[in-house]
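Q: Please read through the structure below; I'll follow up with questions.
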Amino acid sequence: HRITAFLTNTPLGVVPGQAAGLELRHRQHARVEDRIRQAKATGLRNFPCFGWAENNAWLEVVLTATDLVAWTKLIGFADQPDLARCEIATFRYRVLHVAARLTRSSRQLHLRLDKTWRWATSIANAFHRLRAAFA
């Protein structure tokens with residue numbers, strides 16, 4: 001048997017369905033912790049400079065990259081759960097490290113992907129979804 005206990009100072013009646021509501025709130029917090037862990041893997045773990053202004057710029061870049069990856073997973077890979085829920089290192093390998101070229105011809109933008117890449121069709125579909133979302 002597995003027994004789980006909640007210790008909280010939440011008054012009774014604040015969270016609807018007290019035990020289930022507390023479980024939901026706990027799981028939502030675990031999702032936030034996953035995002036923090038992925039931000040640390042992106043570059044938040046160590047600041048590269050000694051100056052405050054440089055580290056502040058580094059922090060902004062890391063947080064922007066984390067947001068862009070999260071939104072790309074949410075919008076572009078909604079139908080691909082293996083890519084939408086993978087860790088940042090796996091996402092970096094499968095999606096961001098693909099050999100590709102963005103070209104423009106006849107007033108249209110074309111994404112040229114390596115056809116032998118395993119996730120090429122998923123990446124192309126995600127690119128079209130992202131273009132449609134922001135067009």
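The values are calculated or read from the model by the stated rules, or taken from the named source; none is laboratory data. None of these values were measured; they are calculated from a predicted model. A quick note on method: Cβ atoms are made from the backbone with ideal geometry, for glycine too, and the neighbour counts reach across all protein chains shown.
Q: Inside the range 15-33, can you point out the residues that are closer than 26 Å to Arg45 by Cα and hydrophobic (A, V, I, L, M, F, W, C)?
A: Result: Ala30, Val32.
Conditions tested, residue by residue: (1) in the same structural domain as Ala126 (by the TED database); (2) among the basic types (Lys, Arg); (3) out of contact with any Gly (no Cβ under 8 Å at 6 or more places or on another chain); (4) without any contact (Cβ under 8 Å) to a residue 40 or more places away in the chain.
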position	(1), (2), (3), (4)
Glu54	yes, no, yes, yes
Trp58	yes, no, no, yes
Thr72	yes, no, yes, no
Gln80	yes, no, yes, no
Val95	yes, no, yes, yes
Ala99	yes, no, yes, yes
Leu102	yes, no, yes, yes
Arg107	yes, yes, yes, yes
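Q: Further, regarding this structure: Within the range 30-48, identify whether any single residue is over 19 Å from His128 (Cα atoms) and acidic (Asp, Glu), and answer yes or no.
A: yes
Q: Can Leu109 be described as modelled with pLDDT under 90 and either closer than 22 Å to Lys40 by Cβ or aliphatic (A, V, I, L, M) (or both)? Break it down into steps so the answer makes sense when it comes.
A: Numbers: modelled with pLDDT under 90: yes; either closer than 22 Å to Lys40 by Cβ or aliphatic (A, V, I, L, M) (or both): yes.
So Leu109 passes the test.
Q: Of everything in the range 89-135, what is among the hydroxyl-bearing types (Ser, Thr, Tyr) and part of a helix (DSSP H, G or I)? Give them in sequence order.
A: Initial filter on the range 89-135 (among the hydroxyl-bearing types (Ser, Thr, Tyr)): 90, 93, 103, 105-106, 116, 121-122.
Listed by number, the residues that qualify are Thr90, Tyr93, Thr121, Ser122.
Q: For the range 81-127, which residues satisfy the criterion of being on the phi < 0 side of the Ramachandran plot, of a type outside the set (A, V, I, L, M, F, W, C) and more than 22 Å from the chain's Cα centre (by Cα)?
A: Those that are on the phi < 0 side of the Ramachandran plot, of a type outside the set (A, V, I, L, M, F, W, C) and more than 22 Å from the chain's Cα centre (by Cα): Arg101, Thr103, Arg104, Ser105, Gln108, His110, Arg112, Asp114, Lys115, Thr116.
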